[in-house]
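What follows draws every value from the coordinates through simple rules; no lab data is involved. Everything quoted here is computed from the prediction, not taken from an experiment. Glycine gets a Cβ as well: all are built from the backbone with ideal geometry, and neighbour counts include every protein chain shown.
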Ligand code: B12
Ligand code: SF4
């Protein structure tokens, strides 16, 4: 039987070695009775891929990619073609969705999968076997007579419970889980809706809890790190609460992280208490700016009042909270960044993540930068998994200024932390918190993991 090889290319330091996307594709192919092998280049060498290509009959090689892994994904494509030129190379993920035209300029790529890939991946097999034409597969782009062409819109998967659970590697200490897909938001910088759509679709609570129980059965690690990878986990607050309560009722020993944070307009006391009881010892909120004018310009759909309330609530319940902040969005000036720094002092988050805004293809922000900014020449070669990464320049807020302001923002935050240590009645505890905060900005993944794990362990005893 021929083999389908799925490859997870390497990324930068701020990267999980698990690709939920490939795991979903692998399960969908498994279900069709196909023979699938995942090569995770975070865990093995490219020689394993070459070895498989040399000894097996391969239907196609599928590679997942996002902007930050483009360079390594293209290297993998080149290795495949130089080892077995006739094996089709299929790419999928957010970059394949937004930048298929550009990617198909590269002769090593044959097909780009646009949007969700479970159905499409199985159809491509039939095309590889000559049973159907590529033109008849919705949701792909390929070269037709040398010209990149896009087929019909990809099939939308409405019933998420109908999908096979992602294929899991047993024995890990951390797993990501997807309880819903899509986000109705219009945040101008975000490429998620391009990929997963604006219509929010949710799995049933029972399906999510059963998958969690299954994950528990394949690893002995306790507490188990569970990362909710949803774009908008709390979009349906009632449902989010039910999932959390289900985790508590089943006594699942979890360190729960809501990877993309919680929207401040979708938070209430009951949700935060349920999250805490379910093992969430750290929360992130998308703040982005402390200036209402900027929040409106980026279509974030939240108010400064909602942000204040979210942080007050988190403090009251005792869940440490991070503020995700951006510098350099539409209409940003030095003054608006200064207002955000002041606002950050006011809400007094436990952690901050100050990011210089990146214009990802497929977003309204990308179009704005095309008109008002100048993209930097090195942007394609940089693995920008770093919040200091600058992708473009503007006259109003030049690169140097943005970097300076980011440093200023961080200094202001750390100074506030240091003074609270000096003033506080729990100096050791506060000092530990500061360590955890500095660590958020460290690029050393191992150090990061050690401090985050130690910190979330200590938080269990913090009843403050
Ligand atoms: C969870 C997540 C993370 C996690 C990853 C956890 C994990 N275990 O994978 C972490 C925290 C590590 C992370 C980090 C980053 N992330 Co992130 N992340 C996400 C998020 C929210 C969900 C990804 C996910 O698991 N989706 C669920 C799976 C099922 O979907 P999927 O991977 O897209 O796969 C489906 C399809 O794309 C397709 N497909 C994908 N690959 C393939 C391959 C083949 C062969 C086929 C046929 C189909 C196919 O089929 C799959 C099933 O339907 C997305 C938002 C989103 N909705 O995509 C952002 C997102 C991908 N991340 C983003 C960013 C910016 C980053 C960072 C750069 C942030 C930073 N500054 O550090 C880093 C980069 C890390 C890196 N790889 O280098 C951006 C990417 C923008 C872009 N155009 O590249 C996104 C789109 C968010 C956004 N708001 O714009 N991220
Ligand atoms: S940033 Fe969050 S809320 Fe905004 S569109 Fe993206 S996923 Fe939705």
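Annotations
- Where only DSSP H runs of four or more residues are counted, the chain gives -12500 deg cm²/dmol as its mean residue ellipticity at 222 nm, each run worth -39500 (n - 2.57).
- Descending Cα extents along the principal axes, the chain, whole Å: 71, 55, 38
- For region 168-422: relative contact order, % (alpha-carbon pairs under 8 angstrom, 6 or more apart): 16 percent
- Region 3-150 - share of DSSP beta bridges that are antiparallel (%, nearest 5): 30 percent
- By the Kirkwood approach, averaging reciprocal distances over each pair of separate Cα atoms, region 1-136 gets a hydrodynamic radius of 14.8 Å.
- Direction-averaged projected area, Cα convex hull, region 168-422: 14.4 nm², rounded to one decimal.
- Degrees between helix 205-217 axis and first principal axis of the chain (Cα, 0 to 90, nearest 10): 80 degrees
- Burial ordering of 273, 147, fewest other beta-carbon atoms within 10 Å first: 147, 273
- Potential extension, residue 370-residue 416 segment - 0.36 nm per residue separation minus Cα distance: 12.8 nm
- Look at where the Cα atoms of region 258-299 and of region 45-85 average out, and the two centres are 39 Å apart.
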